[in-house]
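The values are calculated or read from the model by the stated rules, or taken from the named source; none is laboratory data. These figures come from a predicted structure and were not determined experimentally. Backbone-built Cβ (ideal geometry, glycine too); neighbour counts: all protein chains shown.
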Amino acid sequence: MQHAQHVNHDNRRASERFAVALPVESRGGAAPLRGTTSNLSFGGACLELDDDVPEIGSAVKLAFAVPGRPEPIEVEAEVRWTAGERRCGIMFRRGHQRLLAALVAGLIGIASGTVRANTNVPTFDPNATTVLDIDGGAERPDKQQVLDAFSREYDAIDACVVDSKGDPEKQLAGEAHVAVLLNPAGATPLGINAELPDTLAKNRKLRECLRGAVAKADYPSYDGPPVVVEFDFELDPGYEEVPAE
C-alpha cells in the first residue's frame, strides 16, 4: 500500500513572544515588585507592574504563579528595558526552563475527554501556545527523520483500518489527518490529534487506534521547542491488480 503523506513544520522562531498572563512578584531585593506578565518567550517576558519599575540592568529574582502548581516557580532575570513607570522587559538568566516546561505541561496535560484505549498520549489544543522551548535550543527536528519514523507505522495504521471495517471487501474512503506534538527528548510525542473523514467522524475506536499507532513511532530527538508536524494520508487506499504480461 502507498499512502499520501505531508509534513508541515512550524517555523516560528524560539524568541517569538506569546500572550501569557501570569502573576509575578519579586523575591528579595530592596524594592518589592508585583505585577503580571503580558507576554512571554523562551528568552524573556514583558511585565506590567503595580510598582515603579527597577532600573535597566538590575538583577531580579522573580516568582511566577503557574496555574495547577501549588508553589510558584522562581526565575533569575535582568531588566533590559523600561516603558513608563509600570512596564518593563526582562531577560531570563536562570531557572526559566522549569517555568516554560510547567506551562507546556499545563497546556497539553488535559485530554478533553478523549478515549485512551490505545495510547496514553493525550490530545492537545492546536490553538494553544505550545511552542515554548524547554531546553534552551532553537533547533527544529529533521523533516526526513520525522517522516521516516511515521512511515514505519503504516503497517500498524493499516491494521487499524482492517480491524475497523471488518469486511475485507469494504473500503473506507477519504483521507485522515494526524497532528503530532513532538517531544524534544524524542520517541513518545507530547500529544497526538487525529481527524477522520466526515463519514467516519464518529468512529472513536478507529481514531484512537490510529492515535495509538502513530504514538509508537520512534520520533527523533532535537535541541529545541516542542513543534507540531502534520500528516495527511489516504485512509484505505486498497490495491490495484497489475495485468500479467
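Comparison of 172, 181 shows that the only residue that is touching a helix residue (DSSP H, G or I) at 6+ places or on another chain (Cβ under 9 Å), crowded, with 19+ Cβ neighbours inside 10 Å and farther than 21 Å from residue 218 by Cβ is 172.
Among the residues that make up the range 90-113, is at least one of them part of a loop (DSSP other than H, G, I, E, B) and at pLDDT 85 or above? Looking through the range 90-113, none of the residues is part of a loop (DSSP other than H, G, I, E, B) and at pLDDT 85 or above.
Applying the condition of being among the charged types (D, E, K, R) and in contact (Cβ under 8 Å) with a residue 40 or more places away in the chain to the range 197-206 and asking which residue is surrounded by the fewest Cβ atoms within 10 Å (Cβ to Cβ) yields 204.
With respect to residue 172, is the statement that it is closer than 30 Å to residue 102 by Cβ and modelled with pLDDT under 90 true?
Details: closer than 30 Å to residue 102 by Cβ: no; modelled with pLDDT under 90: yes.
No.
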